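Below is one structure, written out as structure tokens; the observations come after it.
The values are calculated or read from the model by the stated rules, or taken from the named source; none is laboratory data. All figures in this text were calculated on a predicted structure; none of them were measured in a lab. Cβ placement follows ideal geometry from the backbone for every residue including glycine, while neighbour counts extend to all protein chains displayed.
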Amino acid sequence: MKRAFHDAWWRVATAPPRSFADSLLAGALTGAAALYRAGVTMRNTAYDRGWLRQVRLDCPVISVGNLAVGGTGKTTCVAYLAAKLRRQGKRVAILSRGYGGTRPQPYWLTWEDGGLQVNGRAAETTDGLPDEPQLLASQLAGVPVLVGTRREQSGRMAREQWQVDVVVLDDALQYRRLARDCELILVSARMPLDGWPLLPRGPMREPLSSLRRADVILITKVDQSLDKLAALTERLKTFNPRAILATAIHEPEGVWEAMTSEPVPLEGLASNRVALLSSIGDPEGFEETVRRLGATVVSHTTYPDHYRYRAEEWQQIVQAAVSSGAAAVVTTEKDLMRLRHVTRSSGTLIPCWVLRIGMRLLSGEAELDARLAAVWAR
């Protein structure tokens, strides 16, 4: 039921109603969206005018955020930015709200000695841990990922415990309580020129006018919408002509088998039939990437973002994949964080291949580097 409602909502949130039922749902959500807009406007005005106080850390703060819910590749961008800062010799910590987790906060994750650690101890289980902080920790060995709703407190902890030089805020455009020295806002290349409707009528957390707060606007996945990139670029510039405007693509970096961690050649996908499984913000982009690698996609099972898989669901997916003649189930790194506890139940019935995606800037990297350098010069 929850999945069916999510699918219906996403359909009317990102496209014109296609049926009478869609029209009814869209109409019911339009009034709620007006109330949401009023709340967002009042809150932003309160911070812009200083009526609500911001907290400032004693180190640079870089924020990565979205105007819309999911689908822009935010986690990949956070990993890209943190890795860049490390190459520049900076000690980095990532601060996350920990959406989807159920463990008491605050706590921190690190990847040490080939395994996940929670609060400095080897994790006996990942139950209750949010997927994105786990993924960031696994990709950035030695970088602490602090999870907590009060990110000014997490930031102070990062300074005291790890003496970090800089903190990167994951998904923090809407978390205005903590002052930042560089605001990076991601925009999907597939977003309409005028944006989507605001929540809950559409997937927009904030209107396009919030781009005025950006120091850097990064258009992601531009290879998925090259035909309207020029028009989108000009449209975004009208909201903030002073911001650096960069473009990026998300591209496959590797594949491995979930149970054995053995690498699978990327070119090996080209000769195989595969079943896809994902619960991410942009399942269409994931499927398109797999098809571009030459694989024959026989099915794609999708769930809402951050979905917690159950063992019986995994068994059904495996059985369907075997019946369709698929050589493997292919999923994302983010999904693997929520699949580890159930994949073992399938044994060797069918491999589970994990696709790693990285981000590469096509334009604006020199300008981004200069903007980051300006943060240290303050």
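The figures follow:
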{"quantity": "Test for Ala243: is it of a type in the set (Gly, Ala, Ser), within 28 Å of Leu361 (Cβ to Cβ), touching a residue at least 24 places away in the same chain (Cβ under 8 Å) and buried (at least 18 other Cβ atoms within 10 Å of the Cβ)", "calculated": "yes"}
{"quantity": "Odd one out for Arg49, checked against (1) surrounded by 13 or more Cβ atoms within 10 Å (Cβ to Cβ); (2) at pLDDT 95 or above", "calculated": "(1)"}
{"quantity": "Single residue of Gln134, Gln105 found to be among the polar types (S, T, N, Q), closer than 18 Å to Leu169 by Cβ and part of a loop (DSSP other than H, G, I, E, B)", "calculated": "Gln105"}
{"quantity": "Matching residues, segment 35-51, being over 11 Å from Pro200 (Cβ atoms) and without any contact (Cβ under 8 Å) to a residue 12 or more places away in the chain", "calculated": "Ala38, Gly39, Thr41, Met42, Thr45, Ala46, Asp48, Arg49, Gly50, Trp51"}
{"quantity": "Filter result (more than 19 Å from Val222 (Cα to Cα) and of a type in the set (Asp, Glu)) within segment 164-207", "calculated": "Asp165, Asp170, Asp171, Asp181, Glu183, Glu206"}
{"quantity": "Any hit, segment 113-120, residues being surrounded by 14 or more Cβ atoms within 10 Å (Cβ to Cβ), β-branched (Val, Ile, Thr) and part of a loop (DSSP other than H, G, I, E, B)", "calculated": "no"}
{"quantity": "Given (1) in a loop (DSSP other than H, G, I, E, B); (2) within 21 Å of the chain's Cα centre (by Cα), number of the condition Pro241 does not satisfy", "calculated": "(2)"}
{"quantity": "Members of segment 156-194 found to be under 30 Å from Glu284 (Cβ atoms) and polar (S, T, N, Q), listed by number", "calculated": "Gln174, Ser188"}
{"quantity": "Qualifying positions in segment 20-79 - part of a helix (DSSP H, G or I), under 27 Å from Ala374 (Cβ atoms), in contact with a Leu (Cβ under 7 Å, 6 or more places away or on another chain) and not β-branched (Val, Ile, Thr)", "calculated": "Lys74, Cys77, Ala79"}
{"quantity": "In segment 82-98, the residues that are in a helix (DSSP H, G or I) and surrounded by 24 or more Cβ atoms within 10 Å (Cβ to Cβ)", "calculated": "Ala82"}
{"quantity": "Any hit, segment 310-320, residues being of a type in the set (Val, Ile, Thr) and at pLDDT 95 or above", "calculated": "no"}
{"quantity": "Qualifying positions in segment 26-46 - surrounded by 14 or more Cβ atoms within 10 Å (Cβ to Cβ), closer than 26 Å to Arg11 by Cβ and out of contact with any Lys or Arg (no Cβ under 7 Å at 6 or more places or on another chain)", "calculated": "Tyr36, Arg37, Val40"}
{"quantity": "Count - residues of segment 153-180 that are more than 17 Å from Cys77 (Cα to Cα) and in a strand (DSSP E or B)", "calculated": "1"}
{"quantity": "Qualifying residue in segment 181-194 (condition: in contact with a Cys (Cβ under 8 Å, 6 or more places away or on another chain), outside any helix (DSSP H, G or I) and among the β-branched types (Val, Ile, Thr))", "calculated": "no"}
{"quantity": "Only listed residue being within 30 Å of Asp227 (Cα to Cα) and touching a residue at least 12 places away in the same chain (Cβ under 8 Å), chosen from Val164, Val168, Val187, Val92", "calculated": "Val187"}
{"quantity": "Within segment 308-359, tally of residues that are within 23 Å of Pro130 (Cβ to Cβ), of a type outside the set (A, V, I, L, M, F, W, C) and touching a strand residue (DSSP E or B) at 6+ places or on another chain (Cβ under 9 Å)", "calculated": "10"}
